[in-house]
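Asks: Before I ask anything, let me first share the structure, which is written out below as structure tokens.
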Amino acid sequence: MNLEINKALAISRASRNNILKIIESHSIDDLNKIPEGFNNNLVWNFGHIIVTQQLLTYGLAGLELNLDMGIVNKFRKGSKPTSPISSEEVDFLKEKLFPLVDKLEEDLGKKIFENFKTYPTSYGYELNSIQEAIAFNNTHEGMHLGYMLALKRAF
């Protein structure tokens, strides 16, 4: 694997570490709280970054996701919280947070992302390769980390 990809995966792990600190420093009630003026909560953002990484990488390459479609549909783009998330669901997401980055790194070494489908993001940038998807995913996760920090201040 090349240095750029290694650095991008290191950035992903760092972002996820910061997100995990937010998740672990709040009660389940706070994680589920939707402050006035917002349409989602801390735990939705947490699930969303996990799901989106899978959709941007495995999904756009036509590969099977490493998550159940029930979880994917609960947190994908366009979804919003419809009921509180249990502490067991939060634990499940925490268990997936870093292993899915590790799995991506492993699968990159296997060169399985060859059938990547071009995707125009809502950010205004078109993804044309797995490398671009990984770089964009870091931007996406950073944006949601910022959103989570704003949610915390709104409590």
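Read the figures in this text as sums done on the coordinates, not as results from a lab. Being a predicted model, the structure only gives us computed values, none of them experimental. So basically every Cβ, Gly included, is an ideal-geometry build from the backbone, and we count neighbours across all protein chains shown.
Asks: How do the peptides 45-55, 116-126, 62-72, 97-107 rank, highest first, by the average count of neighbouring beta carbon atoms within 10 Å per residue?
Replies: In decreasing order of mean packing, 45-55, 116-126, 62-72, 97-107 become 45-55, 97-107, 62-72, 116-126.
Asks: Roughly what would the spin-label model give for Ser79 and Thr121, points 7 Å off Cα along C-beta, in nm?
Replies: In this crude spin-label approximation the distance works out to 2.0 nm.
Asks: Which whole-number percent gives the relative contact order of the chain, counting Cα pairs below 8 Å spaced six or more residues apart?
Replies: Value for the chain: 35 percent.
Asks: Is any helix in the chain, taking whole DSSP H runs, at least 27 angstrom long along its axis by alpha carbon and on average at least -1.0 on the Kyte-Doolittle scale, and which ones?
Replies: 3-24, 130-153
Asks: Sorted by packing (mean other beta-carbon atoms within 10 Å per residue), highest first, where do 129-135, 109-115 land?
Replies: On the way: 129-135: 19.7, 109-115: 11.1.
Going by the mean number of other Cβ atoms within 10 Å, highest first, we get 129-135, 109-115.
Asks: Quick one: which residues, 5 or more positions from Leu127 or on another chain, have an amide H under 5 Å from its amide H? H modelled 1.01 Å from N in the peptide plane, none for Pro or chain starts.
Replies: Tyr119, Thr121
Asks: Continuing with this model, one more query. Using alpha carbon coordinates only, what is the Rg to Rh ratio of the stretch 3-153, with Rh defined as the Kirkwood radius?
Replies: 0.95
Asks: Quick one: length gained pulling Ala10 to Phe98 fully straight, 0.36 nm per residue minus the C-alpha distance?
Replies: Computed gain between Ala10 and Phe98 is 30.6 nm.
Asks: Could you tell me which of Leu104, Phe38, Leu9 has its Cα farthest along the dipole of the chain towards the positive end, charges placed at Cβ (Lys, Arg +1; Asp, Glu -1), taken about the Cα centre?
Replies: Phe38
Asks: Calculate the spin-label point distance for Ala150 paired with Glu88, positioning each point 7 Å from the Cα along the beta-carbon direction, and give it in nanometres.
Replies: If labels sit at Glu88 and Ala150, their model points lie 3.4 nm apart.
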